[in-house]
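The structure appears right after this line, and notes come after that.
The values are calculated or read from the model by the stated rules, or taken from the named source; none is laboratory data. For clarity, every value in this text was computed on a predicted model and none was experimentally measured. Here Cβ is always computed from backbone atoms with ideal geometry, including for glycine, and neighbour counts include all displayed protein chains. What goes into the accessible areas is simple: the full protein's heavy atoms, side chains included, and nothing from ligands, DNA or RNA. Shrake-Rupley method; radii C 1.70, N 1.55, O 1.52, S 1.80 Å.
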Amino acid sequence: MNQDLAEMPLEDDIIREDEAAPETVPVPRSLVPHLSESAILLDIDGTLLDLMPTPREVWVPPGLAKTLKRLLERTDGALALVSGRSLNDIDLIFAPDVFPAVGGHGAEMRIEVDSEAVAAHAPPMDKELKRRLAAIAKLSPGILLEDKGYSLALHYRLAPHAEKAIYAAVSLIRADLPNAPIEVLPGKCVCEIKHSGFTKASGVRELMTREPFKGRRPFFIGDDVTDESVFAIMPDLDGLAFSVGRRAKGVAGHFDAPSDVREFLAHLLDDERDASLP
């Protein structure tokens, strides 16, 4: 087996629970006592929204947008979606609502609802490299290609048998282009390839230097291996991280499913209201 391929974690490795990880299920008031001093950072797929067979099938459950808008108001704008999706894709999912966001795995961000996107100086992926990677989708029916602009994703939820072949093909391309500055992000039934010069963590670090996020205590909720870079920097920012669907290392607690995350966020509003009562 190619060494690069051997080092790539497959889905079973990603979602396996870690026995040393925390068992705690988050309790809103004990973790986020004051929304006016907090920054809420949320992954989308598999965290806020349930995973679907294809990326285009995800949908926003009733009440979620209202909860997010109220939290945005209560935090004076310090709520952001943090996703591998582009800002344009995020806006299409949540339309007509618009939220601050870090998109493209940190390649772009929007600080405020009514502000223009801020480029993070992320270089686009080389066109020839993207073409070669895109051809991997032809390995099997059911492999779905998603061009995110700054990255390319190969979804195989409809073709789980193709997982090893996909990673083998990516590994061969990397071996042929050893100096290509790319990073492979294994996820839940998806293999994503992006430029190595930026991550969700680099995007969050930049976000936390900008108003209204600056000086606040962040808490981040994510589910996938692409979120682990943000889990890792939360202590540096005096923040807290929570995982979804698995008990990841370095987090303060975990949720079983996106529905639990949505309930948690709704309770944040209730707890904040109750705390303000005499």
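Here are the numbers:
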| item | result |
| --- | --- |
| Length released on extending from ASP126 to LYS66, taking residue separation times 0.36 nm less the Cα-Cα span | 17.7 nm |
| For segment 219-259, Kirkwood radius (reciprocal of mean inverse C-alpha pair distance, Å) | 9.9 Å |
| Nitroxide proxy distance, nm - points 7 Å out along Cα→Cβ at GLU211 and ASP176 | 5.2 nm |
| Solvent-accessible heavy-atom area per residue, rounded to whole Å², over segment 127-195 at 1.4 Å | 46 Å² |
| Mean Cβ neighbour count within 10 Å, used as a protection proxy, ranking 101-107, 59-65, 131-137 highest first | 101-107, 131-137, 59-65 |
| For segment 131-178: rounded, prolate or oblate by the Cα gyration tensor [a/c cutoff 1.5] | oblate |
| Local net charge near ILE90, Cβ-Cβ under 13 Å (Lys/Arg +1, Asp/Glu -1) | -3 |
| Whole-percent carbon and sulfur share, accessible surface of segment 127-195, 1.4 Å | 58 percent |
| Order by protection proxy (mean Cβ within 10 Å, highest first), peptides 201-208, 90-97 | 201-208, 90-97 |
